[in-house]
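Colleague: I'd like to ask some things about the structure below.
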Amino acid sequence: MAQSDAAAAAMALSLTQEYFQIPVVTRTYTTACVLTTAAVQLQVITPFQLYFNPELIICRYQIWRLITSFLFFGSLGFGFLFNIIFLYRYCRMLEEDCFRGRTADFILMFLFGGILITLLGLFANIFFLGQAFIVMLVYVWSKRNPFIRLNFFGFLNFQAPFLPWVLLGCSLLLGNPIAVDLLGISVGHMYYFLEDVFPNWPGGRKLLTTPELL
């Protein structure tokens, strides 16, 4: 009994250490998404309390919807696992590679993407914005790693910049609306252009400056 208790304690300690080795932004966002889905599964809250509704936000001051609409990916199932794996993978790679030692700049990208997706979501009639946010992260990562080759489900090989379009193609094949993918791609391209392209043009300059507050 003592040995099993010690083994369980060691495993718990190892999992805790592994969890806290995840970069802080990735850890916070992924945990919030998992906890939100768990709360819905346990019927503590319902999706109707989470979805993006401008009228309720403005008229009834339900400000939390600006955040919760990015945290819910549907009930537990393949769709949720697919989204959470992509979120964890590409958010972590961005934070550990492109934004290593630049947590404030990464938070600025989150704010930029979140605000633009919310504003454009007003016209796209999208109730949950998290998937568009994931596509934005994937797009930025793919543009910053153009020579990496990827294997998709073991049968499709391509270079990283094609990944957002492969995801869009999957949405088409599955009969899902592609407005979400197009929204994420559009916002991701805006960030990439302002951060990586325009400053390198003759006369260009860096427009996205991280505030001292961050």
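The values are calculated or read from the model by the stated rules, or taken from the named source; none is laboratory data. Nothing here was measured: the structure is a model prediction, and the numbers come from that model. Neighbour counts run over all protein chains shown; Cβ positions are idealised from the backbone, glycine included. Heads up: the accessible areas ignore ligands, DNA and RNA and are worked out on the full protein's heavy atoms, side chains in. Shrake-Rupley method; radii C 1.70, N 1.55, O 1.52, S 1.80 Å.
Colleague: For LEU42, LEU150, give the ranking by accessible area with the largest first, probe 1.4 Å.
Modeller: So, going from the largest accessible area down, we get LEU42, LEU150.
Colleague: Quote the accessible area belonging to GLU96 in square angstrom, nearest 10, computed with a 1.4 Å probe and with ligands, DNA and RNA left uncounted.
Modeller: Rounded to the nearest 10, that gives 60 Å².
Colleague: Hey, could you get me the Stokes-Einstein D for region 64-181, Kirkwood radius over alpha-carbon pairs, 10 °C and 1.306 mPa s, rounded to whole µm² s⁻¹?
Modeller: It comes out at roughly 105 µm²/s.
Colleague: With a cut-off of at most 15 other beta carbons within 10 Å, and DSSP calling the residue loop, which chymotrypsin sites (Phe, Trp or Tyr not before Pro) in region 25-81 qualify? Please list them.
Modeller: Here the chymotrypsin sites (Phe, Trp or Tyr not before Pro) that fit, given the DSSP loop and packing criteria, are TYR61, TRP64.
Colleague: Pop out the ³J(HN,Hα) list for region 111-118 in order, Karplus 6.51 cos²θ - 1.76 cosθ + 1.60 with θ = phi - 60°, rounded to Hz; leave Gly and Pro as x.
Modeller: 5, 4, x, x, 5, 5, 4, 5
Colleague: Give me a comma-separated list of calculated 3J(HN,Hα) values for region 182-196, in order, Karplus coefficients 6.51, -1.76, 1.60 applied at θ = phi - 60°, integers in Hz, x for any Gly or Pro.
Modeller: 5, 5, x, 5, 4, 5, x, 5, 4, 5, 4, 5, 5, 8, 10
Colleague: As a test of reading the structure, rank THR209, THR118 by solvent-accessible area (1.4 Å probe, protein chains only), most first.
Modeller: Numbers: THR209 100, THR118 25 Å².
Final ranking, largest accessible area leading: THR209, THR118.
Colleague: Now for a different question. Would you list ILE134, ILE107 from the most to the least accessible area, probe 1.4 Å?
Modeller: Reading off the accessible areas and sorting them downward yields ILE107, ILE134.
Colleague: With every protein chain in place, what's the accessible area of ARG89 (1.4 Å probe, Å², nearest 10)?
Modeller: My reading of the accessible area for ARG89 is about 110 Å².
Colleague: For the chain, what is the calculated [θ] at 222 nm in deg cm²/dmol (nearest 500), taking -39500 (n - 2.57) for each run of four or more DSSP H residues and dividing by its residue count?
Modeller: So the calculated ellipticity at 222 nm is -19000 deg cm²/dmol.
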